[in-house]
Amino acid sequence: ERFPHALGGKIGIDATAIDAGDGTSMHRVTAFCTPRTRRKVMAIKGAPGNRPVIERAGSKTKTGARLWIVGVDTVKAQLFARFPRPGMMRFSESLPAVWYEQAASERAVVRYARGQPVRSFIRIPGRRAEALDCTVYAFAARQVVNINPEARRDELAQVEAQPVAKRPVLASSW
């Protein structure tokens, strides 16, 4: 499906990431994503630690499906570095206050393991984190898509012509 864009054209969905790491629905998620892999519908699972933003799992699941691993701590560190800086991220004016509360629902904690500092993110008690999780997974899905911003802007500025409705033929032409 394509959606109207402010520049006049229509925009589609370039990639979709569906969380398969909740422990109960992995089989259903991978069964849904596997036949849609070419359309960049990905089954993903978050993993803590110093990892790449997104990478294919080394092996397939038991059902033969491909899983993508998202380095959630890496993405959160990048996102939290952008939040306080004006111009680094843009947000819709229509987002409710609860979205911002959820986006800021975790804090970075530095602990030492074997004498080395290790940063991890801890949820603030009593806060929900759906907005943060969705933002992290959207950021990871964006890494899979190769978009040329100038070409995309030109494409969206072109208003698609409305198809001319053909009138029904009432009588045979022969």
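The residue that is surrounded by the most Cβ atoms within 10 Å (Cβ to Cβ), among those in segment 87-107 that are in a loop (DSSP other than H, G, I, E, B) and at pLDDT 90 or above, is S105.
When segment 38-49 is filtered for residues that are in contact with a strand residue (DSSP E or B) (Cβ under 9 Å, 6 or more places away or on another chain) and either open to solvent by less than 20 Å² (accessible area, probe 1.4 Å) or under 16 Å from A141 (Cβ atoms) (or both), the ones remaining, listed by number, are R39, K40, V41, M42, A43, I44, K45, G46, A47.
Total residues in segment 113-143 satisfying the condition of being outside any strand (DSSP E or B) and over 19 Å from the mean Cα position of the chain (by Cα): the figure is 6. One residue stands out in segment 12-29 among those that are more than 17 Å from F139 (Cβ to Cβ) and modelled with pLDDT of 90 or more: the one that is surrounded by the most Cβ atoms within 10 Å (Cβ to Cβ), namely A20. For segment 122-142, a tally of residues being open to solvent by less than 100 Å² (accessible area, probe 1.4 Å) and in contact (Cβ under 8 Å) with a residue 60 or more places away in the chain returns 7. Using the structure shown, decide if V110 is open to solvent by 50 Å² or more (accessible area, probe 1.4 Å), touching a strand residue (DSSP E or B) at 6+ places or on another chain (Cβ under 9 Å) and either part of a loop (DSSP other than H, G, I, E, B) or of a type in the set (A, V, I, L, M, F, W, C) (or both). Judged against the criteria, V110 is a match.
For beta carbons closer than 7 Å, sequence separation of 6+ or different chains, a first residue in segment 1-30 that is assigned to a loop (DSSP other than H, G, I, E, B) and a second that is open to solvent by less than 60 Å² (accessible area, probe 1.4 Å) and of a type in the set (S, T, N, Q), the qualifying pairs are A20/T30. The set of residues in segment 31-76 being in a loop (DSSP other than H, G, I, E, B), within 23 Å of A129 (Cα to Cα) and under 13 Å from the mean Cα position of the chain (by Cα) consists of V53 alone.
The values are calculated or read from the model by the stated rules, or taken from the named source; none is laboratory data. Predicted, not measured: the structure shown is a model, and the values here were computed from it. All Cβ positions, even for glycine, are placed from backbone atoms using ideal geometry, and neighbour counts span all protein chains on display. In case anyone asks, the SASA skips ligands and DNA or RNA and just uses the protein heavy atoms, side chains included. Shrake-Rupley method; radii C 1.70, N 1.55, O 1.52, S 1.80 Å.
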